[in-house]
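What follows is a set of notes on a single structure, which appears directly below.
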Amino acid sequence: MKKLLFIAVIAILSSLNVNAQETPSSTKETSYGVTGGFHATNINFSINSDGLTEVDDLGFFIGLFAEFPLSEKFSIQPEFHYSIVHDEGFGYAFENLILPVFLKYYITEKFNVMSGLQFDYVTNKDFKIYTRSGLGLSIGLGVDITDSILISSRYSFGITNRIDTSEFIDDFIDLSDLSAKTNIFQIGLGYRF
């Protein structure tokens, strides 16, 4: 299923690239680049929607992006990130592959807002009950400092429960009422080729 989703995303993005290049009103060109910066993960645990605890972890991300113009003001920007966060208090590290896909709107030539979906996948699974994959809704801001240098900030609100409710700690504890939502905040610097 995950391979099928990945293939579908690549096919859609490829068709957007073809359409963006054929749009006569688009004066911007398709661009590619690298990005990296600060990454914070916040996991909210709750039982029956009552807040239980939060775990905040800090780290970094590195990645690639492409921007496919749809018009003078709109573009699609898929990205691919690797991130790592570490919590010394609990003694674990999360390594994630993150795939955000943004719809960008340029308010001015240099300033943009973005929103979209973000898929993340934990490559190392330290907790038995924590699922590997999740989905979030993302919003962000960006500034093109020059044609090549850009900065961005974004926040992804986790919408999927990251607890594997089929797991049991023991025969007496049912996890079906426990939920965990993973929120992600990033500030990054990018270089467009």
- Would you pick out the residues in the range 107-132 that are among the polar types (S, T, N, Q) and out of contact with any Lys or Arg (no Cβ under 7 Å at 6 or more places or on another chain)? Thr108, Ser115, Gln118, Thr123, Asn124
- Hey, Leu189 surrounded by 15 or more Cβ atoms within 10 Å (Cβ to Cβ) and modelled with pLDDT of 95 or more or not: no
- Checked the range 29-87 for anything under 23 Å from Ser115 (Cβ atoms), part of a strand (DSSP E or B) and of a type in the set (Gly, Ala, Ser); matches are Ser31, Gly33, Gly36, Gly37, Ala40, Gly63, Ala66, Ser75, Ser83
- Item | Selected residue (criterion: farthest from Phe60 (Cα to Cα)) from residues of the range 72-100 that are under 14 Å from the mean Cα position of the chain (by Cα), surrounded by fewer than 17 Cβ atoms within 10 Å (Cβ to Cβ) and at pLDDT 95 or above | Phe80
- Item | Inter-residue pairs, beta-carbon under 6 Å, first open to solvent by less than 60 Å² (accessible area, probe 1.4 Å) and in the range 101-126, second assigned to a loop (DSSP other than H, G, I, E, B), 6+ apart | Tyr106/Lys73; Val122/Arg132
- Message: Out of the residues in the range 111-142 meeting the condition of being of a type outside the set (Ser, Thr, Tyr) and modelled with pLDDT under 90, tell me which one is nearest to Leu189 (Cα to Cα).
- Response: Val122
- Message: Among the residues that make up the range 162-169, is at least one of them at pLDDT below 90, in contact with a strand residue (DSSP E or B) (Cβ under 8 Å, 6 or more places away or on another chain) and closer than 22 Å to Phe61 by Cα?
- Response: yes
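The values are calculated or read from the model by the stated rules, or taken from the named source; none is laboratory data. As the structure is a computational prediction, the values presented were derived from the model and not from experiment. Quick reminder, even Gly has a Cβ in these numbers, built from the backbone with ideal geometry, and neighbours come from all protein chains shown. Remember, those area values only see protein heavy atoms, side chains included, never the ligands or the DNA or RNA. Shrake-Rupley method; radii C 1.70, N 1.55, O 1.52, S 1.80 Å.
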